[in-house]
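**Q** Sharing a structure, written as structure tokens. Questions coming.
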Amino acid sequence: MGRQVDRDLVLRARVLLLSTDRRVVRGARGLAAYRLLAQADAAVYGSKLAYVLLEAARSPQVQDLPQARSALLEEAVAVARALEEGNPYRAKVLGRAREALQAEQARQAGQVGQAEGTGQGGR
């Protein structure tokens, strides 16, 4: 195991994953489980955590929260970057995370530019 993580919490997270018929558990429960499990074993759960973070950033729950979207995408990039070079999913998930973060930053920059162009800038 990587960092010292509460064994009961790790067991509960693993039971959650095993109790679903999906390859990747999505949503808030999946995100919480993968965050915890990635602390225990990043080599196994890190790429799934990055994937679920990318999905969370596209979720309707953060549609009107650009800072939350950016935070999720920055976390996805950091998690993917931390994967070992030999991880077969590292390049793919890192590329997707970087691309999504750049798109989000461009989107936010465009919104700021539009607001300033219409006199709605926050000065």
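**Q** May I ask you to derive the FRET efficiency for R7 and Q111 from their Cβ-Cβ distance with R0 = 41 Å, giving the value to the nearest 0.05?
**A** The value I calculate is 0.35.
**Q** Determine the dipole magnitude for segment 23-97: charges of +1 sit on the beta-carbon of Lys and Arg, -1 on that of Asp and Glu, nothing else is charged, the reference point is the Cα centre, and the result goes in debye to the nearest 20.
**A** In debye, rounded to 20, segment 23-97 gives about 260.
**Q** Okay, moving on. Stretch V44-Y89 to full length: gain in nm at 0.36 nm per residue minus the Cα-Cα span?
**A** Extending this stretch completely gives an extra 15.2 nm.
**Q** On the protein heavy atoms, probe 1.4 angstrom, tell me the percent of accessible surface of the chain carried by carbon and sulfur.
**A** Carbon with sulfur: 50 percent of the solvent-accessible area.
**Q** Using R₀ = 22 Å, calculate the FRET efficiency as 1/(1 + (r/R₀)^6) where r is the Cβ-Cβ separation of D64 and E99; round to 0.05.
**A** About 0.50, to the nearest 0.05.
**Q** Hey, if you put +1 on the Cβ of every Lys and Arg and -1 on every Asp and Glu Cβ in the chain, which of L16, A38, L72 ends up farthest toward the positive end of that dipole?
**A** Looking along the dipole axis, the top candidate is L16.
The values are calculated or read from the model by the stated rules, or taken from the named source; none is laboratory data. Computed from a prediction, not measured in an experiment: that's the story for all the values here. Counting neighbours? That spans all protein chains shown, and the Cβs are built from the backbone with ideal geometry, glycine included. Accessible surface areas use protein heavy atoms only, side chains included; no ligands, DNA or RNA. Shrake-Rupley method; radii C 1.70, N 1.55, O 1.52, S 1.80 Å.
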